[in-house]
Amino acid sequence: MDKNFKEEFTQIIKFKPPLYKQRHQFVKDLVEKYKPKKVADLGCADCSLLRMLKFCSCIEVLAGLDICANVMKEKMHTLSPLPLDYLQPSERSLTVTLHHGSVAHKDPCMLGFDLVTCIELIEHLQEPELKKFPEVVFGFMAPSIVVISTPNSEFNPLLPGVMLYRHPDHKFEWNQAQFQSWALETARCYDYSVEFTGVGHPPPGMEKAGFCTQIGVFIRKHPQTGESVQSEKPTEAVYKTVFKAVYPSLKDEKYLQNAVISEVIFTAQIIKHRLMSKHEEYGDDPERKSKLQPSMDCFSDYLGKLVVEKNMEPFVNGNEFYIPLATIFSFPKVNRLCGSFEKLCKLIAGKVRLSSDGSAVMLSIEHEDE
Ligand code: SAH
């Protein structure tokens, strides 16, 4: 490479967004494309990729593995559910687990994954570990997709201050031909196809250097059933679980019940307010009136259509306001949460005040904030 050219570039190469973010974004895009349910990140370090992936709504199982427990433990608490996750449980289930162990060893907890990511991992492996790596990841774990990223040594002369390797813990750094021949041989052995790409574009005129980070995306050629994976591969557990978080989910009956009860009461109150506002003034509080009005407008149209059916019409008896459960069930959110009318009845039984025959929610006329 022309020395002057190199010096010119070493001054200016700065990736925006930073390269590690581009690598993580690459994985996120892949997740959005293939929608894997179970994702494992090998060499997860401080869990920053996992933290990003937990927001991908298709993922139900996330696992991290690293040989260094301390680096995982530093920020693992950031993978725990937040108060908002409990207040508004998600419809999907999500479990996040961190394991302490080496990619050179097989552990049954790594079976059944759809996507396995190895971002800037392989160059940290000692030779004997690198030799075992393909058999563990492609032979044993055998996910549908594997993503491997590693530095491209041909780019190093363009990076300021890089003498031998980009990081003191790197055991090697491959050029494009070295990475591609290793990847093609691995893919051939384990019946995968592989495509090469990367992140961190070279500067104009330096295209031959290739991407700063080279990436191989491996796709398994033949599908495997979950059962055959489990039964054919009896292995002893060798990893140590250092963290596990089970996120609150509406798939869990207790969170579903809370959500349904809140939504039923909310819907009943809105209906009550809407109908009562037809008959009486809201008092002297104009601010409150204006707050309620927008949400009631859409409800009022909807309610208008519903009460055409006689038995769905809310009514007043004495001091009580009755809102038929059938009316409440026909509101989209309640309907979606419960799935069936029977399930709605089951979930709110004993938790919401109902008429004696159980067909309507009762709200007291006097207490607006019931
Ligand atoms: N994947 C991370 C960082 C990679 S740094 C990211 O995208 O930012 C490499 C990580 O691999 C380190 O945390 C190191 O502890 C871990 N590692 C090194 N050898 C390993 C092995 N044999 N098994 C599992 N993890 C290993």
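Residue by residue through the stretch 127-138, note down the ones that are open to solvent by less than 20 Å² (accessible area, probe 1.4 Å) and under 17 Å from residue 193 (Cα atoms).
If the condition is that a residue be open to solvent by less than 20 Å² (accessible area, probe 1.4 Å) and under 17 Å from residue 193 (Cα atoms), then 134, 137, 138 are the ones that fit.
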Practice problem: Looking only at the stretch 237-252, decide whether some residue is more than 27 Å from residue 86 (Cβ to Cβ), at pLDDT 95 or above and open to solvent by less than 70 Å² (accessible area, probe 1.4 Å). | Solution: yes
Quiz item: When both residues are 6+ apart or on different chains and their Cβ atoms are under 9 Å apart, which pairs have a first residue that lies in the stretch 57-74 and is over 20 Å from residue 108 (Cα atoms) and more than 9 Å from the ligand (Cβ to nearest atom), and a second that is of a type in the set (A, V, I, L, M, F, W, C) and at pLDDT 95 or above?
Solution: 58/31; 73/98; 73/242; 73/243; 74/47
Practice problem: Taking the options 151, 202, 168, name whichever one is in contact with a helix residue (DSSP H, G or I) (Cβ under 8 Å, 6 or more places away or on another chain) and not in a strand (DSSP E or B). | Solution: 202
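What do you reckon, is residue 93 assigned by the TED database to the domain that holds residue 176, over 20 Å from residue 20 (Cα atoms) and among the hydroxyl-bearing types (Ser, Thr, Tyr)? Give the steps one after another, and end with the answer.
Working: assigned by the TED database to the domain that holds residue 176: yes; over 20 Å from residue 20 (Cα atoms): yes; among the hydroxyl-bearing types (Ser, Thr, Tyr): yes.
So residue 93 passes the test.
Filter the stretch 301-331 down to residues that are open to solvent by 90 Å² or more (accessible area, probe 1.4 Å) and not polar (S, T, N, Q) and give me whichever is modelled with the lowest pLDDT. Working first, answer last.
Narrowing the stretch 301-331 to residues open to solvent by 90 Å² or more (accessible area, probe 1.4 Å): 301, 305, 308-311, 315, 317.
Pick out the ones that are also not polar (S, T, N, Q) and you get 301, 305, 308-310, 315.
Numbers: 301: 58, 305: 57, 308: 49, 309: 54, 310: 54, 315: 88.
Among those that are open to solvent by 90 Å² or more (accessible area, probe 1.4 Å) and not polar (S, T, N, Q), it is 308.
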Exercise. Please tell me if residue 200 is open to solvent by less than 60 Å² (accessible area, probe 1.4 Å), over 21 Å from residue 28 (Cβ atoms) and either modelled with pLDDT of 95 or more or of a type outside the set (A, V, I, L, M, F, W, C) (or both).
Key: no
Quiz item: So which residues in the stretch 76-99 are touching a residue at least 40 places away in the same chain (Cβ under 8 Å), in contact with a helix residue (DSSP H, G or I) (Cβ under 8 Å, 6 or more places away or on another chain) and more than 16 Å from residue 258 (Cα to Cα), if there are any at all?
Solution: 79, 96, 97, 98, 99
Quiz prompt | Those residues of the stretch 23-40 which are surrounded by fewer than 22 Cβ atoms within 10 Å (Cβ to Cβ) and either more than 16 Å from the ligand (Cβ to nearest atom) or of a type in the set (S, T, N, Q) (or both), in sequence order | solution = 25, 32, 33, 34, 35, 37, 38
Practice problem: Would you be able to tell me the number of residues in the stretch 41-57 that are surrounded by fewer than 16 Cβ atoms within 10 Å (Cβ to Cβ) and touching a strand residue (DSSP E or B) at 6+ places or on another chain (Cβ under 9 Å)? | Solution: 1
Exercise. Looking at (1) modelled with pLDDT of 95 or more; (2) open to solvent by 30 Å² or more (accessible area, probe 1.4 Å), find the lone condition where residue 88 falls short.
Key: (1)
Quiz item: Do we have any residue at all in the stretch 175-183 that's in a loop (DSSP other than H, G, I, E, B) and open to solvent by 20 Å² or more (accessible area, probe 1.4 Å)?
Solution: yes
Exercise. Go through (1) open to solvent by 40 Å² or more (accessible area, probe 1.4 Å); (2) more than 12 Å from the ligand (Cβ to nearest atom); (3) in a loop (DSSP other than H, G, I, E, B) one by one and return the number of the condition residue 105 breaks.
Key: (2)
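The values are calculated or read from the model by the stated rules, or taken from the named source; none is laboratory data. Since this is a predicted model, take the numbers as computed values, not measurements. Note: ideal-geometry Cβ built from the backbone for every residue, glycine included; neighbour counts use all protein chains shown. Note: accessible area is taken over every heavy atom of the protein model, side chains too, but ligands, DNA and RNA are not part of it. Shrake-Rupley method; radii C 1.70, N 1.55, O 1.52, S 1.80 Å.
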